[in-house]
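The values are calculated or read from the model by the stated rules, or taken from the named source; none is laboratory data. What you are looking at is a predicted structure, and each value in this text was computed from that prediction instead of being measured. Ideal geometry is used to build each Cβ from the backbone, glycine not excepted, and the neighbour counts take in all protein chains shown.
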Amino acid sequence: MTGEHSISLLCEVLGVARSGYYRWSAAAATDRQRDDSALAAQIAVSHRQSRGNYGAPRIVADLREAGVRTSRRRCARLMGDLGLRGRKKHRRKPRTTDSRHDQPVAPNLLALLEKPQAPDQVWLTDITYLDTGEGWLYLAVILDAWSRRVVGWACAATLVATLVIAALQDAIKRRGPQPGLLHHSDRGSQYVDADLVAALNAAGVARSMSRAGNCYDNATMESFWSSLKTETAMDLQPAATRLAAKLAVFDYIETFYNPARRHSALGYLSPVVFETKNSKQHSKAA
C-alpha cells in the first residue's frame with residue numbers, strides 16, 4: 001500500500017501521527033513488532049470508523065468482534081504510540097427545567113420498577129439545547145431504557161410543548177408500542193402540557209416523572225446528552241445554522257449512535273445490535 005500512496009497521505013487518512021509510523025519502521029522488526037504494527041493498523045481503522053470517539057475499551061470490542069484478540073493495555077499502548085485517543089466527556093452542569101407551574105405532575109413510577117427486560121417497556125425523555133450561529137436549537141429525544149436506542153427525536157427553534165409531542169409521535173410511529181409502556185421525564189412545563197398528556201393517554205402510555213430538581217433520576221438521558229455533545233464536538237464548535245445542527249444530530253443518531261456506537265452498559269454492543277441479538281434470543285426461548 002505504501003508503494004501506491006505516500007506515507008503522509010496514508011497517515012492523514014487513518015488519522016495516525018507520522019512520528020508514530022516512523023517509530024515502527026525505524027528499527028529492525030521482530031515478530032512482536034510486526035504483530036504490533038499489524039495490530040496498530042487495525043486500531044487506526046477502528047478509531048477512524050468511530051469518528052475519533054473510541055478509546056481502548058471500545059476499540060478492543062471492535063477487534064474482538066473481528067476475531068482479533070488483544071488486551072486493553074496493549075491497545076492503549078499502541079494508541080499512545082500512534083497519537084490516538086478517545087474523546088473525553090466534558091463535565092456538564094445539571095440543567096434544571098422550569099417546573100414552576102401549577103399543573104399536576106405524575107409520580108416517579110420508574111423508581112418502583114425492576115430493570116427493563118425487553119424493548120418498549122420504559123422510555124426516557126428529556127430536552128436539551130444546542131448553540132448555533134442563529135441562536136438556540138432545542139432538541140427532544142426519547143430513549144428506550146432497555147437498549148439505550150433513540151426511538152424518537154425532534155428539533156425546534158423554540159422551547160414549546162409541540163417539540164416533545166413531535167418526539168413522542170416519532171417514537172410511536174417507529175415502534176408501535178403496546179399499552180402499558182412507561183414514559184419518564186422531568187417535571188418541566190412541556191411534559192405536563194394537556195396536549196402531550198392527551199397523546200400519551202391515547203396511546204395507552206403511562207406517565208412517570210423525576211423528583212423535583214433531581215436530574216439524576218434521569219441519569220441515562222444526562223449521559224446521552226454528554227455523549228452527543230462531546231462526540232459531535234458541538235460543545236466546542238457550535239454549528240453555523242440551526243439546519244446544520246439538525247443535520248449533525250440526524251447523522252449522529254441515525255448513522256452512528258443507534259447502529260454502531262458501542263455501549264459499555266450493553267456489553268459493548270450498539271443499541272441496534274443489542275436489540276437484534278436479544279430479540280433472536282427471546283424468539284428461541286419462546
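Does residue 223 satisfy being part of a helix (DSSP H, G or I), surrounded by fewer than 17 Cβ atoms within 10 Å (Cβ to Cβ) and not β-branched (Val, Ile, Thr)? Judged against the criteria, residue 223 is a match. Annotation: of all residues in region 239-249 being more than 12 Å from the chain's Cα centre (by Cα) and part of a helix (DSSP H, G or I), the one that is surrounded by the most Cβ atoms within 10 Å (Cβ to Cβ) is 245.
Applying the criterion of being under 24 Å from the mean Cα position of the chain (by Cα) and polar (S, T, N, Q) to the residues of region 201-221, the residue that is modelled with the highest pLDDT is 208.
Condition test on residue 140, is it free of Cβ contacts under 8 Å to residues at least 60 places away in the same chain, within 17 Å of the chain's Cα centre (by Cα) and outside any strand (DSSP E or B)? Answer is no for this residue. Give me the residue from region 228-238 that is buried (at least 18 other Cβ atoms within 10 Å of the Cβ) and either touching a strand residue (DSSP E or B) at 6+ places or on another chain (Cβ under 9 Å) or not in a helix (DSSP H, G or I) (or both) and, out of that set, modelled with the highest pLDDT. Looking at residues that are buried (at least 18 other Cβ atoms within 10 Å of the Cβ) and either touching a strand residue (DSSP E or B) at 6+ places or on another chain (Cβ under 9 Å) or not in a helix (DSSP H, G or I) (or both), I get 228. For first residues located in region 173-200 and at pLDDT below 95, partners that are among the aromatic types (Phe, Trp, Tyr) and lie 6+ apart or on another chain with Cβ distances below 6 Å form the pairs 185/191. Quick check on residue 224: is it within 27 Å of residue 115 (Cα to Cα) and within 18 Å of the chain's Cα centre (by Cα)? So residue 224 fits the description; yes.
Among the residues of region 58-82, those identified as touching a Phe, Trp or Tyr at 6+ places or on another chain (Cβ under 9 Å), over 15 Å from residue 17 (Cα atoms) and surrounded by 14 or more Cβ atoms within 10 Å (Cβ to Cβ) are 58, 60, 61, 62.
Under the condition of being of a type in the set (Val, Ile, Thr), within 20 Å of residue 161 (Cα to Cα) and at pLDDT 90 or above, the residues counted in region 85-142 number 5. For beta carbons closer than 8 Å, sequence separation of 6+ or different chains, a first residue in region 260-275 that is in contact (Cβ under 8 Å) with a residue 40 or more places away in the chain and among the basic types (Lys, Arg) and a second that is surrounded by 20 or more Cβ atoms within 10 Å (Cβ to Cβ) and part of a strand (DSSP E or B), the qualifying pairs are 262/269. Which of the residues spanning region 108-128 are surrounded by 15 or more Cβ atoms within 10 Å (Cβ to Cβ), farther than 17 Å from residue 266 by Cα and aliphatic (A, V, I, L, M)? Those that are surrounded by 15 or more Cβ atoms within 10 Å (Cβ to Cβ), farther than 17 Å from residue 266 by Cα and aliphatic (A, V, I, L, M): 109, 110, 127. Here residue 45 fulfils each of the conditions (1) surrounded by fewer than 15 Cβ atoms within 10 Å (Cβ to Cβ); (2) modelled with pLDDT of 85 or more apart from (1). Candidates in region 252-278 are the residues that are surrounded by 17 or more Cβ atoms within 10 Å (Cβ to Cβ) and more than 18 Å from residue 87 (Cα to Cα); of these, the one that is nearest to the chain's Cα centre (by Cα) is 258.
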